[in-house]
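One structure is given here, and the rest of the page talks about it.
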């Protein structure tokens, strides 16, 4: 049985209890996502890579996973959009995992999202995603953004993770476009697809139809499924002789798959 491990807070010090043996992350067909928590105790240094803020975060961490109870972390990249990438190295095993933090500057006093995108060693297949919230432990909000080197913080992550790097599957079983008598130039498009994840959990999807001539989005539908068939039907008036279909699916730990198809339209 998987369960959350409570975070204890005392005198401004945050500690994360270790995960019990019964909370191990599953593999393969047993790769159902488990609750995952991480606490990063960080401070700011000058970035050694191109960074819009010029700042990098380094520090130590603890988690509720027996596979990596503690270790150290250091930023290795930041995009122009302010999304940071951090390399975490586990104590003892030397296994690593890489995660993105969005927004990077949110680790000082705000909140945001994280996603584990890669791993090595025992964590090679680790994937996960969730949200974080942070508090300053040194410095003042007035130091942002002019004096970031004065800042230290504690960032607490919560979400789900699994030893599952397998992208979800998506299968298109129908894509039929029938021209209508009225209104002129209109078509009825019927689509059927199914999607599933390796762990058997829900899969989120976004289904989009685009007119390749105008690049207008003619239809969009989002939702989730656990393997059943999704069968939307739309009436539309495209400008060209084809439609572009795109289905984006993601599982509970952030693995993604995209299916693209061009649907030819008959004029008669």
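The values are calculated or read from the model by the stated rules, or taken from the named source; none is laboratory data. Note that this is a predicted model, so its numbers are computed, not measured. Here the Cβ is made from the backbone with ideal geometry for all residues, glycine too, and neighbour counts use every protein chain on show.
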**OP:** For region 114-141, enumerate the residues that are assigned to a strand (DSSP E or B) and either under 12 Å from residue 254 (Cα atoms) or without any contact (Cβ under 8 Å) to a residue 12 or more places away in the chain (or both).
**Re:** 114, 115, 116, 117, 118, 126, 127, 128, 129, 130
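Go through region 62-75 and count every residue that is within 13 Å of residue 123 (Cβ to Cβ) and either surrounded by fewer than 20 Cβ atoms within 10 Å (Cβ to Cβ) or without any contact (Cβ under 8 Å) to a residue 60 or more places away in the chain (or both).
The first filter runs over region 62-75 and keeps only residues within 13 Å of residue 123 (Cβ to Cβ), leaving 63, 65-69, 71.
So of that shortlist, the ones also either surrounded by fewer than 20 Cβ atoms within 10 Å (Cβ to Cβ) or without any contact (Cβ under 8 Å) to a residue 60 or more places away in the chain (or both) come out as 63, 66-69, 71.
Total meeting the criteria: 6.
Give 149, 172 a once-over and let me know the one that is assigned to a helix (DSSP H, G or I), touching a strand residue (DSSP E or B) at 6+ places or on another chain (Cβ under 8 Å) and surrounded by fewer than 17 Cβ atoms within 10 Å (Cβ to Cβ). Give the steps one after another, and end with the answer.
Details: 172 fails: assigned to a helix (DSSP H, G or I).
Being assigned to a helix (DSSP H, G or I), touching a strand residue (DSSP E or B) at 6+ places or on another chain (Cβ under 8 Å) and surrounded by fewer than 17 Cβ atoms within 10 Å (Cβ to Cβ) holds for just one of 149, 172, which is 149.
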Original post:
Considering 177, 198, which residue is buried (at least 17 other Cβ atoms within 10 Å of the Cβ) and not in a strand (DSSP E or B)?
Top reply: 198
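Can you confirm whether region 92-100 contains a residue that is part of a loop (DSSP other than H, G, I, E, B), in contact (Cβ under 8 Å) with a residue 12 or more places away in the chain, more than 16 Å from residue 125 (Cα to Cα) and assigned by TED's automatic domain parsing to the domain that holds residue 41?
So in region 92-100, the residues part of a loop (DSSP other than H, G, I, E, B) come out as 92-95.
Add one more test, that the residue is in contact (Cβ under 8 Å) with a residue 12 or more places away in the chain, and what stays is 93-95.
From what is left, the residues that are more than 16 Å from residue 125 (Cα to Cα) are none.
So far as region 92-100 goes, no, none of its residues is part of a loop (DSSP other than H, G, I, E, B), in contact (Cβ under 8 Å) with a residue 12 or more places away in the chain, more than 16 Å from residue 125 (Cα to Cα) and assigned by TED's automatic domain parsing to the domain that holds residue 41.
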